[in-house]
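Inspection log for the structure reproduced underneath, given as structure tokens.
The values are calculated or read from the model by the stated rules, or taken from the named source; none is laboratory data. Since the structure is predicted, the reported quantities are computational estimates derived from the model, not experimental observations. Using ideal geometry, Cβ is built from the backbone for each residue, glycine included, and neighbour counts are taken over all protein chains shown. What goes into the accessible areas is simple: the full protein's heavy atoms, side chains included, and nothing from ligands, DNA or RNA. Shrake-Rupley method; radii C 1.70, N 1.55, O 1.52, S 1.80 Å.
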Amino acid sequence: MAPPRSFLWARRVFLTLLTGFVLVPVYVMVSSSLKPLADVTGTFRWLPTELTIRPYIDIWSTVPLGRYFVNSLIVAGAATVCSVVIAVFSAYAVSRYRFRGRRVFTVTVLSTQMFPGILFLLPLFLIYVNIGNATGIALFGSRGGLILTYLTFSLPFSIWMLIGYFDSVPRDLDEAATVDGCGPLGALFRVVVPAAVPGIVAVAVYAFMTAWGEVLFASVMTNDTTRTLAVGLQGYSTLNDVYWNQIMAASLVVSVPVVAGFLLLQRYLVAGLTAGAVK
């Protein structure tokens, strides 16, 4: 039975409004990034009177955007790799073995997601400073300290999601690998991991996006040398002026890696999130 005509029109109107709600800010950002600063700070016009690519050139000299870009790539990449590796081993152990405290561990891992990030800011700051004073290991103001900080947020969700995904992989595959002479690690890497690629990709994308766009901890745990992109964008706002066109251009440049990665891995991401959400 075909849906009524009123429902079809209502759906079209709703989808049109939703599309406009999403695309209008993107259009404003793109058009503003192609305008001179005087046009951006003046009366807003939907159609630019003058187009220029100068903001995309100036963003690299107004602030050290290249250094911030490298810092973000190193921090986000390292946090993603560490999160995926640790989550794979942890989730496999919880999914395939029965041990005392297994349920407590799972509930504890998931319960950490209930607390706001700002609750951990002061404790982590004090821990990093005290470790630096006691051992000389500089965690505060370093990339390593920021990577450890991001792991505290990405790991719990990654472990929880991979547990659900590994539970959906038949145990018969592990038994078949054992019969063929594989040990636990052999079964993990030769059988379970290839079958769980969508879930692992979803975890990797989540960990990368969490580290790439984080602002709160990056603004406190970094200095001028280790500052990341999310915090470095504040440099386009000075005491004398705000370079709105460069802010828009830099925001578009910053979003390119995440958007490109999401588009390339979209089918794995959707499959991983769907399979890992239910058992």
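The table that follows gives values for the structure above.
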| read-out | value |
| --- | --- |
| V85 vs. criteria within 19 Å of V205 (Cα to Cα), at pLDDT 90 or above and loosely packed, with under 14 Cβ neighbours inside 10 Å | yes |
| When residues of region 196-212 are limited to those that are open to solvent by 20 Å² or more (accessible area, probe 1.4 Å) and over 14 Å from L151 (Cα atoms), the one nearest to the chain's Cα centre (by Cα) | V201 |
| Those residues of region 219-237 which are open to solvent by less than 60 Å² (accessible area, probe 1.4 Å) and part of a loop (DSSP other than H, G, I, E, B), in sequence order | T222, T226, T228 |
| Residue list for region 183-234, filter: farther than 21 Å from F140 by Cα and of a type outside the set (A, V, I, L, M, F, W, C) | G183, P184, G186, R190, P194, P198, G199, Y206 |
| Odd one out for T49, checked against (1) under 23 Å from Y236 (Cα atoms); (2) without any contact (Cβ under 8 Å) to a residue 24 or more places away in the chain; (3) in contact with an Asp or Glu (Cβ under 7 Å, 6 or more places away or on another chain) | (1) |
| Helices (runs of 4 or more DSSP H) wholly inside region 100-203 containing at least 3 residues that are closer than 25 Å to F262 by Cβ and at pLDDT 85 or above | 143-167 |
| Count of region 64-79 residues which are assigned to a helix (DSSP H, G or I) and open to solvent by 20 Å² or more (accessible area, probe 1.4 Å) | 8 |
| Criterion violated by P257 - all others in (1) at pLDDT 85 or above; (2) open to solvent by less than 70 Å² (accessible area, probe 1.4 Å); (3) assigned to a helix (DSSP H, G or I) satisfied | (1) |
| Pick from region 42-63, criterion of a type in the set (V, I, T) and part of a helix (DSSP H, G or I), ranking: surrounded by the most Cβ atoms within 10 Å (Cβ to Cβ) | I59 |
| Only listed residue being closer than 16 Å to F217 by Cβ and without any contact (Cβ under 8 Å) to a residue 40 or more places away in the chain, chosen from F140, F115, F99 | F115 |
| From Y165, Y150, residue being closer than 19 Å to S83 by Cα, under 17 Å from the mean Cα position of the chain (by Cα), surrounded by 14 or more Cβ atoms within 10 Å (Cβ to Cβ) and hydroxyl-bearing (S, T, Y) | Y150 |
